[in-house]
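First up is the structure itself, then whatever we jot down about it.
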Amino acid sequence: MSRMLPEHEMIVLPALSPTMETGTIKQWEVNEGGAIEEGDVLCEVETDKAVVAFEAVGIEGYLAKIIAPDGTKDIQVGHNVCIVVENEEDVAAFKNWTPDQAISTPSPAAAPSAPASTQAPPAAQPAGNWPDHEVIALPALSPTMESGTLSSWGIAVGDEIIEGETAIAEIETDKAVVTFEATGIEGYVAKIFRAEGDKDIKLGEPLFIVVEEKEDVAKFADFTIADASGAGASPVAAAPAAAAAAPVAAAAAVTGAAVASGDRVFISPLAKKIAGEQGINVDQLAGTGTGPKGRVVAADVKNFTPAAAAAPVAAAPSPVAAASAPAASVASTGEYTAIDVTNMRRTIAKRLTASKNTIPHYYLTRAINMDNVLQLRKELNSISDSKISVNDFIIKAASLACLKVPECNSAWMGDTIRQYNVVDMCVAVATPTGLMTPIVVDAHAKGLSQISSDVKSLATKAKDGKLQPHEFMGGTFTISNLGMMGIDHFTAIINPPQACILAIGASTQKVILDDSTEMGFRAMTEMKVTLSSDHRVVDGAVGAQWLKAFAGFLEQPITMHL
């Protein structure tokens, strides 16, 4: 940091989509001098995919300087966009700050957000007497990924890595289990730092070493992260590095970083304020921080108890012992069972809470006669090798209804409403780790047989945790079907930035009047559906038009083929 300026952090533009290389600042949500709490929206950024909220992840303090004002275009990922200070009185010192005063290296708090794609971060330069090598770090495998769990290795020490062919590892992100592929990486594996099952590995932390020559592999037998230099060796990962057979848990490393910082407890201004209000001595918070480099943030103070403070400090002297066995995912007591929250579950909770709290939902329910669909399905399945389900008819009908009433096939983008000309249908699938919404691309243009094949393939991948990012990120409309589980009726939460989601209930038999029959009545199969809509995008009358079109396609399914 500049010696003439108070302590501060340079916040860089993170990668907000897997393919994002540059972004445009649409609008700042925090003014200079404004307080920032973790989780706040700093600004709206237009990426190559959509306008996305840049949230304060691991960032707390006061906004001292906006470097890239509203409307700034083509900002490279990793370039500075603003400055944050811990103390409000330090804001004034940056009034006349200019970019030439910036340091070349981003602050530790911002660095993990910098990777712009699934390509590994830049390699470290060789240090000491070690042969030429690259330190390969954990890349961002989803736009919201902050850390990952190493599910399994696809390589071993001595193996050759071929670019585009080698599957390096399976990483559990906040979205799914994703394959870390060899993109821009070739050579031989000389050292592996992490063991299968390691959790909460931060972006940019070293995973393994690659060398060009196979004969150099043996020379790295005693190599540690402390021997690495440059960007590949992160401060958080350096302490627990040893051999791949006994890595230290990431949680213990974070705790160690906070305790080893010296007498000073690193704490955000907001956290310090809350601690004062609650009568908590700041020194008691040492080792409880969950922010960058163990910094104490507001949530840590709110969750603080004296007993909780003692536990991390007591655990700190023996982190290696903690790593000797994988952390249990379930902790049982006599009164309850504590289940670890996975990255995916944490993201689902965050997104659904934001959707319910910020989107003005309204709901429209309609009953649909399914007799003709069931009859047509029976006839098709009798002559076709591929078995068509009722859900396949629903996907097709919903896709065509989206073309007929395109207002429902839209997304709220803040300053604009994005109306899609194609229908990429998201289908909710329950998996052991949480809800996923794989996408049937161009569903409006596909036949029932192709839709059926796509859904079966995507559902299997989702349940096995094998979906690739392009198979679940995006979409224009979502269907959630609990009817097959016997649920008659329910309402679903919108999947932002989409404007609508359709909840499908069970098909049930009911008796209706029918003068054309001898008894004057007959049985009918009825299905109830509920459309959840974003009132900012879809008015009630428009939602009703969509449901009318959807019901029309199902009640006269032959019209889907016209």
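The values are calculated or read from the model by the stated rules, or taken from the named source; none is laboratory data. This is a predicted model, so every value here is computed, not measured. FYI the Cβ positions are ideal-geometry reconstructions off the backbone, even for glycines, and counts take in every protein chain you see.
Out of the residues in region 156-187 meeting the condition of being assigned to a loop (DSSP other than H, G, I, E, B) and modelled with pLDDT of 90 or more, tell me which one is farthest from the chain's Cα centre (by Cα).
Of the residues in region 156-187, the ones assigned to a loop (DSSP other than H, G, I, E, B) are 156-159, 162-166, 173-176, 182-186.
With modelled with pLDDT of 90 or more added as a condition, the list becomes 156-159.
On the way: Ala156: 28, Val157: 31, Gly158: 33, Asp159: 31 Å.
Ranking the qualifying residues of region 156-187, first place goes to Gly158.
Determine whether region 529-536 contains at least one residue that is of a type in the set (A, V, I, L, M, F, W, C) and within 22 Å of Leu403 (Cβ to Cβ). Steps first, answer last, please.
Initially, region 529-536 is screened for residues of a type in the set (A, V, I, L, M, F, W, C), giving 529, 531.
Next, only the ones that are within 22 Å of Leu403 (Cβ to Cβ) stay: 529, 531.
Yes - at least one qualifying residue is present in region 529-536.
Would it be correct to say that Val537 is part of a helix (DSSP H, G or I), in the same structural domain as Val429 (by TED's automatic domain parsing) and farther than 18 Å from Val429 by Cα? I'd like the intermediate steps shown before the answer.
Details: part of a helix (DSSP H, G or I): no; in the same structural domain as Val429 (by TED's automatic domain parsing): yes; farther than 18 Å from Val429 by Cα: yes.
No.
Does any residue of region 542-552 turn out to be over 21 Å from Val440 (Cα atoms), surrounded by 22 or more Cβ atoms within 10 Å (Cβ to Cβ) and assigned by TED's automatic domain parsing to the domain that holds Lys446?
Restricting attention to region 542-552, the residues satisfying the condition of being over 21 Å from Val440 (Cα atoms) are 542-545, 548, 552.
Still in the running and surrounded by 22 or more Cβ atoms within 10 Å (Cβ to Cβ): 543.
Then keep just the ones that are assigned by TED's automatic domain parsing to the domain that holds Lys446; that gives 543.
Yes, region 542-552 contains a residue that is over 21 Å from Val440 (Cα atoms), surrounded by 22 or more Cβ atoms within 10 Å (Cβ to Cβ) and assigned by TED's automatic domain parsing to the domain that holds Lys446.
Condition first: among the hydroxyl-bearing types (Ser, Thr, Tyr) and under 29 Å from the mean Cα position of the chain (by Cα). Now tell me which residues in region 483-529 satisfy that.
At the first step, the residues of region 483-529 found to be among the hydroxyl-bearing types (Ser, Thr, Tyr) are 491, 507-508, 516-517, 525.
Selection gives Thr491 alone.
Just to be sure, is Ala462 within 28 Å of Gly414 (Cα to Cα), of a type in the set (Gly, Ala, Ser) and either within 20 Å of the chain's Cα centre (by Cα) or not in a helix (DSSP H, G or I) (or both)? Before the answer, list the steps.
On the way: within 28 Å of Gly414 (Cα to Cα): no; of a type in the set (Gly, Ala, Ser): yes; either within 20 Å of the chain's Cα centre (by Cα) or not in a helix (DSSP H, G or I) (or both): yes.
Judged against the criteria, Ala462 is not a match.
Do we find that Ala523 is among the aliphatic types (A, V, I, L, M) and part of a helix (DSSP H, G or I) in this structure?
no
Scan region 128-155 for residues that are under 24 Å from Ala221 (Cα atoms), in a loop (DSSP other than H, G, I, E, B), of a type in the set (Gly, Ala, Ser) and in contact with a strand residue (DSSP E or B) (Cβ under 9 Å, 6 or more places away or on another chain) and jot them down. Step through it out loud before you land on a result.
To start, the set of residues in region 128-155 that are under 24 Å from Ala221 (Cα atoms) comprises 128-138, 150-155.
Restricting the remaining residues to those that are in a loop (DSSP other than H, G, I, E, B) gives 128-132, 138, 154-155.
Narrowing further to those that are of a type in the set (Gly, Ala, Ser): 128, 154.
Within region 128-155, Gly154 is the sole residue that qualifies.
Condition first: in contact (Cβ under 8 Å) with a residue 60 or more places away in the chain, surrounded by fewer than 19 Cβ atoms within 10 Å (Cβ to Cβ) and closer than 20 Å to Ala492 by Cα. Can you find one or more residues in region 372-387 that meet it?
No.
Just wondering, is there one or more residues in region 411-427 that are under 24 Å from Phe490 (Cα atoms), part of a strand (DSSP E or B), in the same structural domain as Cys500 (by TED's automatic domain parsing) and not hydrophobic (A, V, I, L, M, F, W, C)?
No, that holds for no residue.
Test Ala492 against the stated conditions and say whether it is in a loop (DSSP other than H, G, I, E, B), hydrophobic (A, V, I, L, M, F, W, C) and over 15 Å from Glu407 (Cβ atoms). So that I can check it myself, show each step before the final result.
Numbers: in a loop (DSSP other than H, G, I, E, B): yes; hydrophobic (A, V, I, L, M, F, W, C): yes; over 15 Å from Glu407 (Cβ atoms): yes.
Considered against the rule, which asks whether it is in a loop (DSSP other than H, G, I, E, B), hydrophobic (A, V, I, L, M, F, W, C) and over 15 Å from Glu407 (Cβ atoms), Ala492 comes out as yes.
Output the residues belonging to region 442-458 that are assigned to a loop (DSSP other than H, G, I, E, B) and crowded, with 16+ Cβ neighbours inside 10 Å. Give the derivation first.
Let us first name the residues in region 442-458 that are assigned to a loop (DSSP other than H, G, I, E, B), namely 442, 446-447.
Residue satisfying the conditions is Lys446 alone.
Which of the residues that make up region 527-541 are out of contact with any Gly (no Cβ under 7 Å at 6 or more places or on another chain) and crowded, with 18+ Cβ neighbours inside 10 Å?
Our first condition is that a residue be out of contact with any Gly (no Cβ under 7 Å at 6 or more places or on another chain); within region 527-541, this holds for 530, 532, 534-541.
Thr530, Ser532, Asp534, Val537, Val538, listed by residue number.
Considering Asp198, Asp216, which residue is crowded, with 20+ Cβ neighbours inside 10 Å, modelled with pLDDT of 50 or more, of a type in the set (Asp, Glu) and within 30 Å of Ile161 (Cβ to Cβ)? Break it down into steps so the answer makes sense when it comes.
On the way: Asp216 fails: crowded, with 20+ Cβ neighbours inside 10 Å.
Selected residue: Asp198, the only one of Asp198, Asp216 that is crowded, with 20+ Cβ neighbours inside 10 Å, modelled with pLDDT of 50 or more, of a type in the set (Asp, Glu) and within 30 Å of Ile161 (Cβ to Cβ).
Criterion first (more than 26 Å from the chain's Cα centre (by Cα) and either surrounded by 22 or more Cβ atoms within 10 Å (Cβ to Cβ) or modelled with pLDDT of 95 or more (or both)) does Pro438 satisfy it?
Here the answer is no, as Pro438 does not meet what is asked.
So for region 343-356 (the condition being under 24 Å from Ala398 (Cα atoms) and surrounded by fewer than 15 Cβ atoms within 10 Å (Cβ to Cβ)), does at least one residue qualify?
Yes, there is a match, as at least one residue in region 343-356 is under 24 Å from Ala398 (Cα atoms) and surrounded by fewer than 15 Cβ atoms within 10 Å (Cβ to Cβ).
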